[in-house]
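The block underneath contains the structure these notes are about, expressed in structure tokens.
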Amino acid sequence: MVLIWNMLAGGDSEDCAALVALNSVFQIVMYSPLAYFYLKLLPGLFGADTAEVGVTMWDIAKSVLIFLGIPLLAGIITRFALIRQHGRAWYDGEFAPRLGHLAIIGLLFTVVVMFSMQGEKIVDNPMDVLRIAVPLLVYFTLMFLLSFILSHRLGFKYSESATLSFTAASNNFELAIAVAVGAFGIASGQALATVVGPLIEVPVLIGLVYVALWLGRRYYTGDSTVPRAEAGVAGD
């Protein structure tokens, strides 16, 4: 989804794709150790009973490898094999767009299935939803603004600042859903939290697209990478 927010805000598409790829590789390597730290080591430092978590580092690593590792490996093999057979123009112009539609369908299917199983919990526990929503709202906003301010002060162009800000503010809830379902079960409270996440992320990040466009026109005067104000996009 970060690619969509970046596109709407007029960010640098190539930089965004590179950052997303690097982020995916980083998640494959570090997601499991970080999850183990937060679920096992950190609670133990404060005297919490980590036995209640009931998952191992391998449970998390297995979900990450299935969700990110297999598609990454398949993508590498497919890209090199099909480009060699049909050429780069056919791959980028015909095959990749069609495959992208299938990925969106798969994600929507997962979300629909989870909502069908978690919908009653969301309605019956509004305070739990609120407790999940408020920290996420604060996180998205702070990460976006801090990244944008830092990028601006370092002298980056608008397109680069927008790309860095949306990359920093976004979350891989698709991976979170996969890990929560694989490690805790589809009816768990952890799975509920991962379903609520995209409900908060989508409207907030869309709102931040307008914030980015306003910041571009306000603080990047003369920068050719700032999108021109258009009806229905920049709010003018």
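The values are calculated or read from the model by the stated rules, or taken from the named source; none is laboratory data. What you see is a predicted model; the values in this text were computed from it and never measured. Please note: Cβ atoms are built from the backbone with ideal geometry, for glycine as well, and neighbour counts cover all protein chains shown.
Listed values, structure above:
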| read-out | value |
| --- | --- |
| Among residues of region 151-165, those that are among the hydrophobic types (A, V, I, L, M, F, W, C) and either in contact with a Leu (Cβ under 8 Å, 6 or more places away or on another chain) or at pLDDT 95 or above (or both), counted | 2 |
| Condition met for L136 (over 25 Å from N23 (Cβ atoms), at pLDDT 75 or above and either of a type in the set (V, I, T) or part of a helix (DSSP H, G or I) (or both)) | no |
| Per-region count, region 1-29, residues of a type in the set (D, E, K, R) and touching a residue at least 60 places away in the same chain (Cβ under 8 Å) | 2 |
| Per-region count, region 76-107, residues at pLDDT 80 or above and within 27 Å of Y31 (Cα to Cα) | 4 |
| Pick from region 166-194, criterion part of a loop (DSSP other than H, G, I, E, B) and within 12 Å of the chain's Cα centre (by Cα), ranking: modelled with the lowest pLDDT | N172 |
| Sole exception among (1) within 28 Å of E201 (Cα to Cα); (2) at pLDDT 85 or above for V55, by number | (2) |
| Count of residues meeting criterion [over 22 Å from P71 (Cβ atoms) and out of contact with any helix residue (DSSP H, G or I) (no Cβ under 6 Å at 6 or more places or on another chain)] in region 163-186 | 1 |
| Residue within region 125-134 that is small (G, A, S) and within 30 Å of W58 (Cα to Cα) present | yes |
| All positions within region 195-236 that are at pLDDT 85 or above, within 30 Å of N125 (Cα to Cα) and touching a helix residue (DSSP H, G or I) at 6+ places or on another chain (Cβ under 6 Å) | V204, L205, L208 |
| Filtered residue count, region 119-162, keeping only those that are charged (D, E, K, R) and either touching a residue at least 40 places away in the same chain (Cβ under 8 Å) or under 30 Å from D223 (Cα atoms) (or both) | 5 |
| Residue check for L175: touching a Lys or Arg at 6+ places or on another chain (Cβ under 6 Å), touching a residue at least 12 places away in the same chain (Cβ under 8 Å) and more than 18 Å from L8 (Cβ to Cβ) | no |
